[in-house]
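Below is one structure; the comments refer to it alone.
The values are calculated or read from the model by the stated rules, or taken from the named source; none is laboratory data. All figures in this text were calculated on a predicted structure; none of them were measured in a lab. Cβ sites come from the backbone with ideal geometry, for glycine too, and all protein chains shown count toward neighbours. Each accessible area value is taken on the protein alone, full model and side chains, heavy atoms only, with ligands, DNA and RNA left out. Shrake-Rupley method; radii C 1.70, N 1.55, O 1.52, S 1.80 Å.
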Amino acid sequence: MYESKILHYRPPPWLRNGHVQSVWPTLFRRVPMVNPETEILPTPDNDELHLDWYRQGSGRLAIVSHGLEGHSRRPYVLGLTRALLREGWDVLAWNFRSCGGVMNHQPRFYHSGATEDLSLVVNRGLADTYETLFMSGFSMGGNLTLLYLGERGEQVDSRICGAVAYSVPCDLAGSADMLALPSRKIYMQRFLRDLKVKMQEKAEKFPELIDVSGFDSIRSFHEFDNRYTAPLHGFTDAEDYWARCSALGRLKDIRVPALMVNAADDPFLSPRCFPESRRVLGAHVRLEAPRWGGHVGFVEHARDGFYWSERRALAFLQSVT
């Protein structure tokens, strides 16, 4: 079978390093694509989500969710989008609130458990009378995807055929601990640099709610989520946010075939992001932990431009559709 042939990822020796895998695509990957059809999707709280549609008249739709401080046109999103289009799918890639170059209107922005926003996107896709819907997410978008499916459980729409999630920090507290390590400082600094720009803009609009004085003293997600994410989104503190929004505890409730691919050398993931017990994974979730791949890496040098993660997604799709 096609799926069995693609299970094992063996990159060249110089890519057998989690940090190299994690930064290489950002620095060097380019995925040429046609411009998508864009749509602004209103939310019930007078905000908006920005969507990218790639339509080719298919009866099947794939929804792709990006990662923390990413957007719908990052190389990893475009790479999977291109692969899905070649297999005959329509694709809807969406931007979390404040992502994609457009600041959202409300004080809140996005977080790892904002399944109400993903639900709006799914419902928008299904409104176009697609017969089949597939879901995929990267990093935070992977957690969001699996959490969404776990929350719906038996009530999941019958048109949703399955999901693939990559580099999933399903244990948010543990991943925050990992990124707080001195060896992960370069990643944490980049996230905080980008988040600082957003929080400054929000502070100008909502000075009574958001204060950015002393922001440069923040060194970790423990501090950022305590100060901003938790209070802006209705959580008691960072620990409450992480506990309620980690997909780990809801994997067993998922009722469609779901594949979670977390590389063993991913510098963002804690040991709890690699659950093996069926009591945790449930009957429908499958974990694959390639030895290499880094965080949203899985780099492959091939004539068709595909990465291994994209081949793996297509192989999984063939097994469930």
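Here the translational diffusion coefficient of segment 177-281 follows from Stokes-Einstein with Rh set to the Kirkwood radius across Cα pairs; for 4 °C and 1.567 mPa s it amounts to 81 µm²/s. Taken over the C-alpha atoms, segment 8-91 has Rg and Dmax values of 15.7, 50 angstrom.
Is any residue of segment 203-245 close enough, with backbone N under 15 Å, to a label point placed 7 angstrom from the Cα of R193 along the Cα-Cβ axis, and if so, which? Hits in segment 203-245 for R193 at 15 Å: 216. Magnitude of the charge dipole for segment 177-321, about its Cα centre and with charges confined to Cβ atoms of Lys, Arg (+1) and Asp, Glu (-1), is about 480 debye.
Within the accessible area of the chain, the carbon and sulfur atoms contribute 51%, probe 1.4 Å, all protein chains present.
Residues whose amide H comes within less than 5 Å of that of G162, counting only those at least five positions distant or on another chain, are M135 (H built at 1.01 Å from N in the peptide plane). Straightening the chain between S217 and N46 buys 58.3 nm, computed as 0.36 nm per residue apart minus the Cα-Cα spacing. Radius of gyration over Kirkwood radius for segment 95-221, both on Cα atoms: the Rg/Rh ratio is 1.02.
Ranking L259, W308, Y241 by Cα position along the charge dipole of segment 215-315, where only Lys, Arg, Asp and Glu carry charges on their C-beta atoms, puts L259 farthest toward the positive end. At q = 0.13 Å⁻¹, what is the base-10 log of I(q)/I(0) for segment 28-163 according to the Debye formula with one equal point scatterer per Cα and no solvent? Please give it to two decimals. So the normalised log intensities are -0.50. Based on the reciprocal of the average 1/r between different C-alpha atoms, the Kirkwood radius for segment 190-240 equals 11.2 Å.
At 4 °C and a viscosity of 1.567 mPa s, what translational diffusion coefficient does Stokes-Einstein give for segment 87-145, taking Rh as the Kirkwood radius over Cα pairs? Give it in µm²/s as a whole number.
Estimated diffusion coefficient is 102 µm²/s.
Since only F221, P231, L317 are under comparison, the one whose Cα sits farthest along the positive direction of the charge dipole of segment 167-321, derived from C-beta charges on Lys, Arg, Asp and Glu, is L317. In terms of the mean number of neighbouring beta-carbon atoms within 10 Å, the peptides 265-273, 215-223 order highest first as 265-273, 215-223. Kirkwood hydrodynamic radius (Cα pairs, Å) of segment 242-290? Final number for the Kirkwood radius of segment 242-290 is 11.3 Å.
Just the number please: accessible area per residue for the chain, 1.4 Å probe, all protein chains included, in Å².
Here the residues of the chain average 43 Å² of exposed surface.
Treating each Cα of the chain as one equal point scatterer and applying the Debye formula with no solvent, the log10 of I(q)/I(0) at q = 0.13 Å⁻¹ comes out as -0.94.
The alpha-carbon atoms of segment 259-321 define a convex hull whose volume equals 82 cubic angstrom per residue.
Taking label positions 7 Å along the Cα-Cβ direction at both E131 and R244, the computed distance is 4.1 nm, reported to one decimal.
Histogrammed with a bin width of 5 Å, the alpha carbon distances of segment 159-213 distribute as 4, 15, 15, 15, 16, 15, 11, 7, 3, 0 percent, first bin at zero.
Using Cβ point charges alone (K and R +1, D and E -1), the dipole size of segment 60-124 about the Cα centre works out to roughly 140 debye. If only the Cβ of Lys and Arg carry +1 and only the Cβ of Asp and Glu carry -1, the dipole of the chain around its Cα centre is close to 1160 debye. A simple spin-label model places the labels of R291 and H19 2.1 nm from each other, with each point 7 Å out along Cα-to-Cβ. Using heavy atoms of the protein chains and a probe of 1.4 Å, the accessible area assigned to H295 is about 20 Å². Ranking G59, L80, V102 by Cα position along the charge dipole of segment 1-137, where only Lys, Arg, Asp and Glu carry charges on their C-beta atoms, puts L80 farthest toward the positive end.
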